[in-house]
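The values are calculated or read from the model by the stated rules, or taken from the named source; none is laboratory data. Predicted model, so just to flag it, every value in this text is computed and none were measured. So basically every Cβ, Gly included, is an ideal-geometry build from the backbone, and we count neighbours across all protein chains shown. SASA here: full protein model, heavy atoms, side chains in, ligands and nucleic acids out. Shrake-Rupley method; radii C 1.70, N 1.55, O 1.52, S 1.80 Å.
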Amino acid sequence: LTDLKTLQLSNGQTLETDLTVVCIGSKAVTPLLDSSRYDEFNRIKVDLQFQVEGMDRVYCIGDASNIPETKLGYLAEQHGNLLAENIKKLLAGKSPTPYSPASKEEYGTMLLPLGPERGVGALGKTVLGDGFTSRLKGKGLFKQKVFRTRNAVAPNL
């Protein structure tokens with residue numbers, strides 16, 4: 001590897017990398033790879049270890065990958081956790097653990113709050129309205145849970 005850069009993570013750890021692409025957004029943009037690396041939805045083709053098809057040591061996780069499951073933040077976090085463990089295994093000469101997609105169903109579970117009292121959700125093909133969505137997620141957006149899993153205290157905003 002050449003031109004390595006050191007990134008400092010939010011927990012103070014450092015990571016050496018030759019390329020880091022931060023992917024945040026709602027529309028698939030495809031400027032980095034040739035067109036053969038994308039599926040019909042402009043998602044990057046990966047195997048169950050998140051390795052980009054046909055590319056050695058290049059990985060893609062989250063919404064940008066073509067893993068067949070509903071695109072949700074908590075699943076992207078699971079992708080990242082497994083990929084980190086798999087990279088450690090590969091560096092130790094061990095076999096990586098394949099990812100098991102969250103759902104084999106066409107429709108997953110999703111809750112989309114629109115403020116503290118409105119929103120829409122889905123459990124499979126069942127649509128959920130304002131009341132259910134706001135009670136489950138609208139008040140706090142699972143903020144406390146997310147911070148707790150990181151051994152952190154959520155700020156009061």
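Miscellaneous remarks
- Comparison of G129, G121 shows that the only residue that is free of Cβ contacts under 8 Å to residues at least 24 places away in the same chain, touching a helix residue (DSSP H, G or I) at 6+ places or on another chain (Cβ under 9 Å) and either open to solvent by 50 Å² or more (accessible area, probe 1.4 Å) or not aromatic (F, W, Y) (or both) is G121.
- Contact map, the stretch 132-157: first residue under 20 Å from V120 (Cβ atoms), second residue modelled with pLDDT of 80 or more and basic (K, R), Cβ cut-off under 9 Å, separation 6 or more or different chains; pairs are T133/R118; S134/R118; G138/R118.
- Residue pairs meeting the criteria (Cβ under 7 Å; at least 6 apart or on separate chains; first modelled with pLDDT of 95 or more, in the stretch 88-104; second small (G, A, S)): K89/S95
- Residue match in the stretch 106-116 (condition: on the phi > 0 side of the Ramachandran plot and at pLDDT below 80): yes
- The sole residue among S65, S36, S10, S26 that is modelled with pLDDT of 85 or more, among the small types (G, A, S) and open to solvent by 50 Å² or more (accessible area, probe 1.4 Å) is S36.
- Of G80, G73, G131, G62, all but one fail to be farther than 17 Å from R43 by Cβ and among the small types (G, A, S); the exception is G131.
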